[in-house]
Amino acid sequence: MLEIYIIRPGSTEFDRQGRIQGNLDVPLNVEGRKEVGRVIDQLRERRFHALYCAPCEAAEQTAQAIADALGTKSKVIEKLQNIDHGLWQGMLIDDVKTKQPKVYRKWQEQPESICPPQGEMLSAARQRVQQAMAKLLKKHREGAIGLVVPGPIATLVRLELRGGKSLGDLWKSEECGKWEVVVIEPSPPVATG
């Protein structure tokens, strides 16, 4: 059995302001560092075989703090880079909603069909996540690992690990500095006859 801890980085100023962060590098803010401290307290008794993170400043800062506290190392997985929201990055979610209401509504209802201006299609991000998770699941079959990933890429990781189909609201404010565990049961041996 493999336990995968999906850990959200601590908050940034963009999170506080309700801005689309996408794959921009934004550091933890003061509250974010406090959130990471709380996560460390909650995870202190866990023993990770490995700790991985997305290639963004907030995720890397969060992972490094956890690694230091738990006596392990963190490794960046480039394929877990957050979704590139192109020209929407840095904008307030409410601004996209009011300035481009049809596009926003379609993003909410059918995100696979929308590509933010100069951004990335969701299918490309999903493919990256599938490749990263396949590699991790091949490498780790038991024990516990941590994945520090920001939203909305965390939603795609969760879907991939749980075999889900529904994306839901990708911009829904996931709480920063929170974590959840996804348990992967070993596959039963295939009977031959």
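Numbers below:
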| read-out | value |
| --- | --- |
| Which numbered condition Leu51 fails, given (1) modelled with pLDDT of 95 or more; (2) not in a strand (DSSP E or B) | (2) |
| Close pairs from segment 70-88: first more than 11 Å from Pro55 (Cα to Cα) and in a helix (DSSP H, G or I), partner of a type in the set (Gly, Ala, Ser) and open to solvent by less than 50 Å² (accessible area, probe 1.4 Å), Cβ under 6 Å, at least 6 apart | Gly86/Gly119 |
| Lone unmet requirement of (1) free of Cβ contacts under 8 Å to residues at least 12 places away in the same chain; (2) closer than 17 Å to Val148 by Cβ; (3) among the aromatic types (Phe, Trp, Tyr) for Tyr104 | (2) |
| Selection within segment 116-133 - in a loop (DSSP other than H, G, I, E, B) and surrounded by fewer than 16 Cβ atoms within 10 Å (Cβ to Cβ) | Pro117, Gln118 |
| Residue match in segment 85-106 (condition: closer than 26 Å to Lys135 by Cα, of a type outside the set (Asp, Glu) and either open to solvent by less than 20 Å² (accessible area, probe 1.4 Å) or out of contact with any Ser or Thr (no Cβ under 8 Å at 6 or more places or on another chain) (or both)) | yes |
| Single residue of Lys79, Lys99 found to be more than 24 Å from Arg47 (Cβ to Cβ), touching a Lys or Arg at 6+ places or on another chain (Cβ under 7 Å) and of a type in the set (D, E, K, R) | Lys79 |
| Filtered residue count, segment 1-48, keeping only those that are more than 30 Å from Lys138 (Cβ to Cβ), open to solvent by less than 60 Å² (accessible area, probe 1.4 Å), free of Cβ contacts under 8 Å to residues at least 40 places away in the same chain and assigned to a helix (DSSP H, G or I) | 1 |
| Residue match in segment 60-74 (condition: open to solvent by less than 70 Å² (accessible area, probe 1.4 Å), in contact with an Asp or Glu (Cβ under 6 Å, 6 or more places away or on another chain) and either within 26 Å of Ile6 (Cα to Cα) or among the β-branched types (Val, Ile, Thr) (or both)) | no |
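Yes/no matrix, rows are residues, columns are (1) under 20 Å from Gln21 (Cα atoms); (2) at pLDDT 95 or above:
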residue	(1), (2)
Tyr104	yes, no
Gln108	yes, no
Glu120	yes, no
Ala132	no, yes
Lys135	no, yes
Gly151	yes, no
Leu159	no, no
Gly163	no, no
Asp169	yes, no
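The values are calculated or read from the model by the stated rules, or taken from the named source; none is laboratory data. Only a predicted model underlies this, so the values are computations on that prediction, with no experimental measurement involved. Virtual Cβ from ideal backbone geometry, glycine too; neighbours counted across all protein chains shown. These accessible areas exclude ligands, DNA and RNA; they are computed on the full protein's heavy atoms, side chains included. Shrake-Rupley method; radii C 1.70, N 1.55, O 1.52, S 1.80 Å.
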